[in-house]
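Asks: Dumping the structure here so I can ask a few things about it.
The values are calculated or read from the model by the stated rules, or taken from the named source; none is laboratory data. Only a predicted model underlies this, so the values are computations on that prediction, with no experimental measurement involved. In this analysis, Cβ positions are derived from the backbone assuming ideal geometry, glycine residues included, and neighbour counts consider all displayed protein chains. For accessibility, only protein heavy atoms count, side chains too; no ligands or nucleic acids. Shrake-Rupley method; radii C 1.70, N 1.55, O 1.52, S 1.80 Å.
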Amino acid sequence: MAHQDSEDLEGPASPQSESRHNTHTTVRVLGKEVVREKLRANQPFKAFVKKGLDSYMALVVLANLGCIIAMTEWTVSQTSEALGLPHTGWEGVSLETFEIFEFIFFAIYLVDVLLRIITLGREWYYDQMEGIMYLNIFDGVLVLINLFELVALPAMMVAGDQQQQQATTIRVIKLVRIVRTLRIFKTVSLFRQLRILVGTCVASIGALFWSMVLLVVLQIGFALAMCQALQLFILDAGQDLDTRLEMHTLYGSFGRALFTMFEITFSGSWPVRVRPVVEKVSVWYALPFLAYITFVVFAVIKIVTALFLKETLTSAANDADMVMEDARRLAKDYTHKLEELFRLADDDGDGNLSRDEFNETMSLPSVQHYLRTLDMSMQDCRPLFDILDDGDGLITITEFVRGLSQIKGQARAVDIVILQRENAKLMTECRKIRVELINI
């Protein structure tokens, strides 16, 4: 309880809580990467099943999606032919053709699930770092549904009036396969931003539920008020009949009033739904409607939007794969820039930099500015050659990239500690030499 009280006193945006959250995220990300690297080194096939296999299955999912699209278009052509409309013929293609492809994809999915279960064992449904493996369980459920659809359900079909109904049931069950395409968001780097959105939607289910509860309560309250207030106008026989019918259509019952408030809140059509009441019934209705639009449509919706934006940023920051992927991409881009700089400095193209080539290139103002964009600043480049050179008087591209990467930015704490330790060793040796000289 004391710990909880201290958390409340710090507040959700306190530096201490943010620091603890960032530290926990960093440790969790590092832990996942360490486990994966050890797994790749010790059990390469298991590492391939856990990570690499997803890329190939993504291609299978895309091919299956293309097959479903083709089957849909073929069905549309059959419908157009039945209605006597112009259509494009599919020569040599029948329902059996698509069924063969469905059995092929089912076999691939079945092998994929069985291979993961046999190779991963308990890790198939629960990983120590990832937690419950929802995607693996989801794949297993889809395979069972696919098995029921392709094998069990056709065997249960009987002739007669129920055949059409059962055929419709099969088509509805087939639509479940489309959900499998969500797997490509996790495995294909091209959809990394979509993967953030999918992860955010999953992480924001709780926030979405309570946001909808709040908005529905506000809509119910205002719908009841407007429905009861306009009943007097609708029952007044002295008013225009068309206006009374219009008000009855929009606010004549609780259900109609609630649906109208739903349109006003989410569709942006409030001028069309509010103006008839203000102009044809009473101008005083503008006051409650403007209050509702200002408070709910503007303020509350903006707050909910900000909440989902926060969930999006949190989901992106906590995605271990994306954190490591961004770090690798930045390191790769940095290495690529240094390699390009090396090739520009290598005038003779022999793959090595001499002292003259190095000093000449590094002294150019354009190169100095370019190095500052890479978070490196040097006033005198001559000592740098001796730092990068391994003693042969030439700098290779490997020495160039590795050396400049190490001196990037400010001095790190570990560099200072190493320097202090080496300096202490040197001072100890100097004292020993001094003592020996005195003794002589």
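Asks: Would you be able to tell me the number of residues in the range 213-264 that are charged (D, E, K, R) and loosely packed, with under 14 Cβ neighbours inside 10 Å?
Replies: The number of residues fulfilling the criteria is 3.
Asks: What is the one condition in (1) in contact with a Lys or Arg (Cβ under 7 Å, 6 or more places away or on another chain); (2) modelled with pLDDT under 85; (3) part of a helix (DSSP H, G or I) that Thr119 does not satisfy?
Replies: (2)
Asks: Among the residues of the range 117-150, write down those that are of a type in the set (D, E, K, R), open to solvent by 50 Å² or more (accessible area, probe 1.4 Å) and more than 25 Å from the chain's Cα centre (by Cα).
Replies: Within the range 117-150, just Arg122 meets the criteria.
Here is a yes/no grid of residues against (1) over 22 Å from Tyr126 (Cα atoms); (2) open to solvent by 60 Å² or more (accessible area, probe 1.4 Å); (3) at pLDDT below 75; (4) hydroxyl-bearing (Ser, Thr, Tyr):
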site: Phe45; (1), (2), (3), (4): no, yes, no, no
site: Val60; (1), (2), (3), (4): yes, no, no, no
site: Ser80; (1), (2), (3), (4): yes, no, no, yes
site: Leu83; (1), (2), (3), (4): yes, yes, no, no
site: Thr88; (1), (2), (3), (4): yes, yes, yes, yes
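Asks: Does Glu37 satisfy the criteria of being open to solvent by 80 Å² or more (accessible area, probe 1.4 Å), of a type in the set (Asp, Glu) and modelled with pLDDT under 80?
Replies: Working: open to solvent by 80 Å² or more (accessible area, probe 1.4 Å): yes; of a type in the set (Asp, Glu): yes; modelled with pLDDT under 80: yes.
Answer is yes for this residue.
Asks: Kindly establish whether Leu287 is in a helix (DSSP H, G or I) and modelled with pLDDT of 90 or more.
Replies: So Leu287 passes the test.
Asks: Sticking with this structure for a sec: Residue by residue through the range 346-356, note down the ones that are over 46 Å from the mean Cα position of the chain (by Cα) and not in a loop (DSSP other than H, G, I, E, B).
Replies: First, pick out the residues of the range 346-356 that are over 46 Å from the mean Cα position of the chain (by Cα): 348, 354-356.
Answer for the range 346-356, where residues must be over 46 Å from the mean Cα position of the chain (by Cα) and not in a loop (DSSP other than H, G, I, E, B): Arg355, Asp356.
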